[in-house]
Amino acid sequence: MRSACWIERERMALFCRWEKRMGEIVNLRRVRKAAQKRKKDERAAVNRIVHGRPKAERILETQRTSMLDRHLDRHKIESGDA
């Protein structure tokens with residue numbers, strides 16, 4: 001007759017073999033949402049590259065260039081003065 005300890009070890013061994021065959025339980029809704037979010041983030045990154053800088057940065061750049069142009073125009077040497 002087998003002892004109770006041996007039966008318990010056998011049962012645990014069977015459970016471990018069965019557990020190794022089982023895959024991870026996955027919530028399909030979460031996986032779908034994560035995939036949609038990943039696609040959305042990738043599309044947003046591409047759009048940031050394609051459409052450039054924020055409006056405030058563009059305005060600041062135009063202001064700087066116009067200020068530099070005015071500065072250069074004030075220091076321009078006219079060809080008739082020489």
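Would you mind stating whether Arg48 is out of contact with any His (no Cβ under 9 Å at 6 or more places or on another chain), at pLDDT below 85 and part of a helix (DSSP H, G or I)?
No, not satisfied.
Given the options Arg64, Arg30, Arg74, Arg11, name the one that is at pLDDT 85 or above and surrounded by 10 or more Cβ atoms within 10 Å (Cβ to Cβ). Arg64 is the lone residue from the list that is at pLDDT 85 or above and surrounded by 10 or more Cβ atoms within 10 Å (Cβ to Cβ).
The values are calculated or read from the model by the stated rules, or taken from the named source; none is laboratory data. What you see is a predicted model, and the numbers here were worked out from it, not measured in a lab. Glycine gets a Cβ as well: all are built from the backbone with ideal geometry, and neighbour counts include every protein chain shown.
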